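Structure first, then comments.
Each value in this text was obtained by applying a stated rule to the coordinates, not by laboratory testing. As the structure is a prediction and not an experimental result, all values here were calculated from the model. Cβ atoms come from the backbone with ideal geometry, glycine included; neighbour counts cover every protein chain shown.
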Amino acid sequence: MAKHLYILKGKKVAQAKNLDEWVTWTAKNKTRRVEVTKKGNTIVSTVFLLASHPVYRNNKWEERHFETMVFKKGLPDWRILSNTWKEAEKNHWETVKKIK
C-alpha cells in the first residue's frame, strides 16, 4: 500500500494500493472539491487532500483527509481539517454560517 496516499471511492476515503493507483486516480479525478461557497469577499472551500494530514489529539495521531479553508479577499485566513466527507460537509456549512 502507498502509505499516506489516499483516493476516494464514492465519498469514502480509501488508502491507495500503490503509487500507480494513486497517480491514475488523481489524473482521472481532477476535481476533489466537496463544496465551495462565496459570501461577499469571502470564499469557503472544502476539498479532499489526497494525502493524509496527521494531527495530534488526545495523546495520539489522527489522520485528516479533508480541508476547509476560508479565504478573505483572496488570501488564506484559516482552515479546519476533517476526516470524512460527511464531517467535511458539516464543517463547511458551519463555517459558512459564521461568516458575516
inquiry  = What do you get for the angle between helix 19-28 and the principal long axis of the chain? Use alpha-carbon atoms, 0 to 90 degrees, nearest ten.
reply    = 40
ask   = For q = 0.10, 0.17, 0.24 Å⁻¹, what log10 I(q)/I(0) does the chain give under the Debye formula with an equal point scatterer on each alpha carbon and no solvent?
value = -0.30, -0.79, -1.21
message = Which aspartates and glutamates, if any, have their Cα less than 16 Å from the Cα of LYS3, not counting same-chain residues under 8 positions apart?
response = ASP20, GLU21, GLU62, GLU63
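Net charge near LEU81, counting Lys/Arg +1 and Asp/Glu -1 over other residues with Cβ under 11 Å of its Cβ?
Overall, the nearby charge balance is -1.
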task = Return the sequence-ordered ³J(HN,Hα) values of segment 62-70 in whole Hz as given by the Karplus equation 6.51 cos²θ - 1.76 cosθ + 1.60 applied to θ = phi - 60°, using x for Gly and Pro.
result = 10, 7, 10, 10, 10, 9, 9, 10, 10
ask   = Going down the list LYS30/LYS100; LYS38/LYS97; LYS9/LYS90; LYS30/LYS72; LYS12/LYS97, which pairs span over 23 Å between their C-alpha atoms?
value = LYS30/LYS100; LYS30/LYS72; LYS12/LYS97
task = Please state the charge dipole magnitude for the chain, taken about the Cα centre, from unit charges on C-beta atoms (+1 on K and R, -1 on D and E), reported in debye and rounded to the nearest 20.
result = 340
note = Measuring from the longest principal axis of the C-alpha atoms of the chain, the long axis of helix 85-98 (C-alpha) lies at a number of degrees, nearest 10, equal to 10
message = Can you give me the long-range amide H partners of LYS39? Hydrogens built in the peptide plane at 1.01 Å from N, cutoff under 5 Å, separation of 5 or more residues or another chain.
response = VAL44
